[in-house]
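Okay, so here's the structure we're looking at.
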Amino acid sequence: MVRKRVAILISGRGSNMAALLTAAQDPRFPAEVLLVVSNRADAKGLTAAREAGRATALVDHRGFGDREAFERALQHELETHRIDIVCLAGFMRLLTPWFVSRWQGRILNIHPALLPAFKGLDTHARALAAGVKIHGTTVHFVVPEMDSGPIIAQGAVAVRDDDTADTLAARVLAVEHKIYPMALRLVAEGRVRVEAERCRIDGLRADDHILLSPFIEESASRGLR
Ligand code: GRF
């Protein structure tokens, strides 16, 4: 097996990055993380990546005249490391069609909501305000339109009456850390086909978990299903 070469793009804490690094430590995982790029020098994840012995790059968007110049610098880093797949993990810059088209089908993002609901920021507070009973996270291919693109995998949690945005975020984050490595594995194995905006998984097995739902499993174990 030739492992796919992955770069992770971050802007902050980097807990999803850490989950991907952990998964990729297993030599049987079909992808290895060769590079972590941040657009912010103070991103905590950058320090964590260095401590984990990964190559890191800082491409500070403020140092460039326009978005495309920034993205050309990003592209240069990715090409230098011969990257096959890009994972956005809390990367807080919008990418232009110029960049996205270069990575079509090879660039993934994780969003903290069940898309297409709650695109954008403050998803947990908005989910609570909307009164939804199920909330979660989505891994999808990136397209120029923000928080859109074919859905690879989703993870759901039940919203509790006493949830705050923070308690809900914490439960969703725990699911994010499971579902992102799973989705990357499927893409790295070349098993995700996009047909008419939908992802189809070749040879889907029970352990592929394109839907992860701890709360349904929890309910089932309590005989609620
Ligand atoms: C996550 O909630 C992710 O879904 C969103 O930004 C957050 C990043 O968190 N895109 P972390 O930096 O991975 O800890």
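The values are calculated or read from the model by the stated rules, or taken from the named source; none is laboratory data. Keep in mind it's a predicted model, so treat the numbers as computed, not measured. For neighbour counting, all protein chains shown are included, and Cβ atoms are generated from backbone atoms with ideal geometry for every residue, glycine included. Ligands, DNA and RNA are stripped out before the accessible areas are found, and what is left, the full protein with its side chains, is counted by its heavy atoms. Shrake-Rupley method; radii C 1.70, N 1.55, O 1.52, S 1.80 Å.
Express in % the proportion of alpha carbon pairs of segment 110-225 at distances exceeding 25 Å. Cα-Cα pairs of segment 110-225 separated by over 25 Å account for 24 percent. Per-residue 3J(HN,Hα) values for segment 5-21, derived from phi via the Karplus relation 6.51 cos²θ - 1.76 cosθ + 1.60 with θ = phi - 60°, read 8, 10, 10, 10, 9, 10, 10, x, 3, x, 6, 5, 4, 4, 5, 5, 4 Hz in sequence order (x marks Gly and Pro). With the simple spin-label model, which puts each label point 7 Å out from Cα in the Cβ direction, the residue 204 to residue 68 separation comes to 4.0 nm. With the whole protein complex present, residue 211 retains an accessible surface near 110 Å², based on a 1.4 Å probe.
Dimensions of segment 1-66 from C-alpha coordinates, computed as largest minus smallest value along each principal axis and given longest first, are 42, 21, 17 Å. Here the accessible area is traced with a 1.4 Å probe on the protein chains. For segment 110-225, carbon and sulfur cover 57 percent of it. Separation of segment 115-192 and segment 18-81, taken as the distance between their Cα centroids, equals 22 angstrom. Annotation: segment 55-148 has a Kirkwood hydrodynamic radius of 14.7 angstrom, from the mean reciprocal C-alpha pair distance. Proximity of backbone amide H atoms, modeled 1.01 Å from N, is registered between residue 13 and 44, 45 at under 5 Å, excluding neighbours fewer than 5 places apart on the same chain. Residue 42 contributes about 100 Å² of solvent-accessible surface, heavy atoms of the protein only, 1.4 Å probe. Pick out which of 12, 63, 136 has the largest mean-square fluctuation in a Gaussian network model of the chain, springs linking Cα atoms closer than 10 Å. Judging by the Gaussian network model, the answer is 63. Comparing 206, 69, 125 in a Gaussian network model of the chain where C-alpha atoms under 10 Å apart are linked, the largest mean-square fluctuation is found at 206. When the Cα atoms of the chain are aligned to their principal axes, the ranges along those axes come out at 53, 39, 39 Å in descending order.
Work out, step by step, the length gained on full extension between residue 80 and residue 96: first 0.36 nm times the residue separation, then minus their alpha carbon distance; give nm to one decimal.
3.7 nm
For segment 87-94, the Karplus equation 6.51 cos²θ - 1.76 cosθ + 1.60, evaluated at θ = phi - 60°, returns couplings of 10, 7, 9, x, 8, 9, 10, 6 Hz by residue, with Gly and Pro reported as x. Among residues other than residue 78 with Cβ under 14 Å from its Cβ, the summed charge is +2 (Lys and Arg +1, Asp and Glu -1). For a quick check, take a GNM of the chain with Cα springs below 10 Å and name the residue from 184, 88, 121 with the largest mean-square fluctuation. Looking only at 184, 88, 121, the largest GNM fluctuation is found for 121. Derived scalar couplings between HN and Hα for segment 174-187 equal 4, 6, 3, 5, 8, 7, 5, x, 5, 5, 4, 4, 4, 5 Hz in order, rounded to whole Hz, by the Karplus curve 6.51 cos²θ - 1.76 cosθ + 1.60 (θ = phi - 60°), x for Gly and Pro.
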